[in-house]
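Enquirer: One structure, pasted below without further comment.
The values are calculated or read from the model by the stated rules, or taken from the named source; none is laboratory data. Note that the structure is predicted; figures quoted are calculated from it, not measured. Cβ sites come from the backbone with ideal geometry, for glycine too, and all protein chains shown count toward neighbours. To get the accessible areas, we keep the full protein, side chains included, count just its heavy atoms, and leave off ligands, DNA and RNA. Shrake-Rupley method; radii C 1.70, N 1.55, O 1.52, S 1.80 Å.
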Amino acid sequence: MFQDEHQVIKAIYDHFYSLDSNGVIPINLRAPTLVGTTQDDPFDCLIEHTLSSAFPQLEVFSSGKLMTPDIIVRDRASGIIVGIEVKKLIQKPNGADSRGLTMDYNSCLPCGKTQIKVGKMVTDIPCYYLFALLSNDSSSIVTLILMHGDFINNDFELHKYAKTANQSEYGHGAYGEGSVRHRAMYTYVNPLNSKLSSFFGRKTFVLPKAASDQLGYSNLVAQEIVRTDLQGNDNAYSVVDNSVQPQLKPTELRDIFANAKARKAKERNSASMPQLDEI
């Protein structure tokens with residue numbers, strides 16, 4: 001029986017780590033042509049099947065199309081529930097990731113806590129993110145990160161607001177028959193960025209430092225990453241790596257996403273349009 005959500009995710013991390021072979025985790029995705037809908041992702045289905053097969057003590061639920069988190073697990077004995085949002089990228093032929101500084105989180109703001117319904121009751125649950133960088137031929141996982149969502153954003157109130165921020169406007173157009181979806185599309189930091197040595201090419205588990213210390217994972221901590229919010233508060237996270245040698249004091253890192261924070265909005269003064277040469 002698991003005692004808390006961090007133990008659940010650590011067990012999942014340990015399972016994936018056990019599959020590592022020469023630095024990659026071999027996978028076998030079903031062909032995209034066999035996908036039933038455009039929202040059905042073979043990799044998400046693979047993760048769901050892997051968890052169901054490896055952990056009979058967990059109930060594993062798929063949230064369905066366009067829902068977040070992608071997967072919900074519940075310990076049959078303790079009743080502990082954890083959400084897992086699955087994010088994947090595919091390597092470029094040169095080995096780099098396909099996004100760089102940021103990646104798409106679509107219309108759902110990332111967070112380490114989210115809401116689901118248990119019966120008829122709205123319930124807050126912890127949420128982890130499973131980040132995977134697949135090889136260029138999608139035959140293996142090159143980088144795997146199981147990361148607490150607060151590492152990306154810990155503003156739960158903003159997360160809840162974003163859930164209801166999307167609106168549709170009707171009666172649009174010359175004949176009043178159109179509609180416009182005002183849908184926020186969020187891009188936040190990309191832990192799979194191939195320039196991040198803390199994660200790239202590794203299999204890691206990222207959780208709050210306090211939880212890591214409490215659970216006795218300190219001897220597996222490769223780095224400690226401090227995230228400083230806009231109010232100046234420091235939030236420390238442990239990067240657990242089963243491959244590291246025990247060390248007394250892990251390396252402390254800060255501002256690993258400084259380049260993403262430094263981005264500035266660009267004004268759009270004209271619309272893009274096709275252009276032909278004059279005759």
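Enquirer: Exactly one condition in (1) surrounded by fewer than 11 Cβ atoms within 10 Å (Cβ to Cβ); (2) without any contact (Cβ under 8 Å) to a residue 40 or more places away in the chain; (3) not in a strand (DSSP E or B) is not met by residue 165; state its number.
Expert: Single failed check for residue 165: (1).
Enquirer: Taking the condition among the basic types (Lys, Arg), surrounded by fewer than 19 Cβ atoms within 10 Å (Cβ to Cβ) and in contact with a helix residue (DSSP H, G or I) (Cβ under 8 Å, 6 or more places away or on another chain), does residue 117 pass?
Expert: Values: among the basic types (Lys, Arg): yes; surrounded by fewer than 19 Cβ atoms within 10 Å (Cβ to Cβ): yes; in contact with a helix residue (DSSP H, G or I) (Cβ under 8 Å, 6 or more places away or on another chain): no.
Taking the combined requirement at face value, the residue does not satisfy it.
Enquirer: While we're looking at this one, here's another question. Tell me which residues, restricted to the stretch 1-59, are among the aromatic types (Phe, Trp, Tyr) and either open to solvent by less than 40 Å² (accessible area, probe 1.4 Å) or at pLDDT below 90 (or both).
Expert: Selection gives 2, 13, 16, 43, 55.
Enquirer: What number of residues in the stretch 120-137 are open to solvent by 70 Å² or more (accessible area, probe 1.4 Å) and not charged (D, E, K, R)?
Expert: At the first step, the residues of the stretch 120-137 found to be open to solvent by 70 Å² or more (accessible area, probe 1.4 Å) are 120-122, 124, 136-137.
If we keep only those that are not charged (D, E, K, R) as well, we get 121-122, 136.
Result for the stretch 120-137: 3.
Enquirer: Follow-up question, since we're still on this one. Where the second residue is acidic (Asp, Glu) and the first is touching a residue at least 40 places away in the same chain (Cβ under 8 Å) and lies in the stretch 249-277, which pairs have Cβ atoms under 8 Å and are six or more apart or on separate chains?
Expert: Listed pairs, sorted by first residue: 253/224.
Enquirer: Then there's this: Give the residue, chosen from 175, 188, 170, that is of a type in the set (Phe, Trp, Tyr) and in a loop (DSSP other than H, G, I, E, B).
Expert: 175
Enquirer: Further question on the same structure: Working only within the stretch 60-75, note down all residues that are aliphatic (A, V, I, L, M), without any contact (Cβ under 8 Å) to a residue 60 or more places away in the chain and in contact with a strand residue (DSSP E or B) (Cβ under 6 Å, 6 or more places away or on another chain).
Expert: 60, 71, 72
Enquirer: Can residue 259 be described as surrounded by 11 or more Cβ atoms within 10 Å (Cβ to Cβ) and within 17 Å of residue 6 (Cβ to Cβ)?
Expert: no
Enquirer: How many residues, within the stretch 228-279, are of a type outside the set (A, V, I, L, M), in a loop (DSSP other than H, G, I, E, B) and over 21 Å from the mean Cα position of the chain (by Cα)?
Expert: Residues that pass the stated criteria total 21.
Enquirer: Might you check whether a residue that is buried (at least 19 other Cβ atoms within 10 Å of the Cβ), of a type outside the set (Phe, Trp, Tyr), closer than 29 Å to residue 47 by Cα and touching a residue at least 24 places away in the same chain (Cβ under 8 Å) occurs anywhere in the stretch 168-187? Working first, answer last.
Expert: If we filter the stretch 168-187 for residues that are buried (at least 19 other Cβ atoms within 10 Å of the Cβ), which is where we start, we get none.
Within the stretch 168-187 (the criterion being buried (at least 19 other Cβ atoms within 10 Å of the Cβ), of a type outside the set (Phe, Trp, Tyr), closer than 29 Å to residue 47 by Cα and touching a residue at least 24 places away in the same chain (Cβ under 8 Å)), the answer is no, since none of the residues qualifies.
Enquirer: Among residues belonging to the stretch 198-227 that are touching a residue at least 60 places away in the same chain (Cβ under 8 Å) and part of a strand (DSSP E or B), point out the one that is most open to solvent (accessible area, probe 1.4 Å).
Expert: Of everything passing the filter in the stretch 198-227, 227 is most open to solvent (accessible area, probe 1.4 Å).
Enquirer: Shifting gears a bit: Look at residue 187 and say whether it is farther than 30 Å from residue 115 by Cα and either at pLDDT below 95 or of a type in the set (S, T, N, Q) (or both).
Expert: Details: farther than 30 Å from residue 115 by Cα: no; either at pLDDT below 95 or of a type in the set (S, T, N, Q) (or both): yes.
Against the criterion (farther than 30 Å from residue 115 by Cα and either at pLDDT below 95 or of a type in the set (S, T, N, Q) (or both)), residue 187 does not qualify.
Conditions tested, residue by residue: (1) at pLDDT 95 or above; (2) under 14 Å from the mean Cα position of the chain (by Cα); (3) among the hydroxyl-bearing types (Ser, Thr, Tyr).
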{"residue": "153", "(1), (2), (3)": "yes, yes, no"}
{"residue": "164", "(1), (2), (3)": "no, no, yes"}
{"residue": "176", "(1), (2), (3)": "yes, no, no"}
{"residue": "181", "(1), (2), (3)": "no, no, no"}
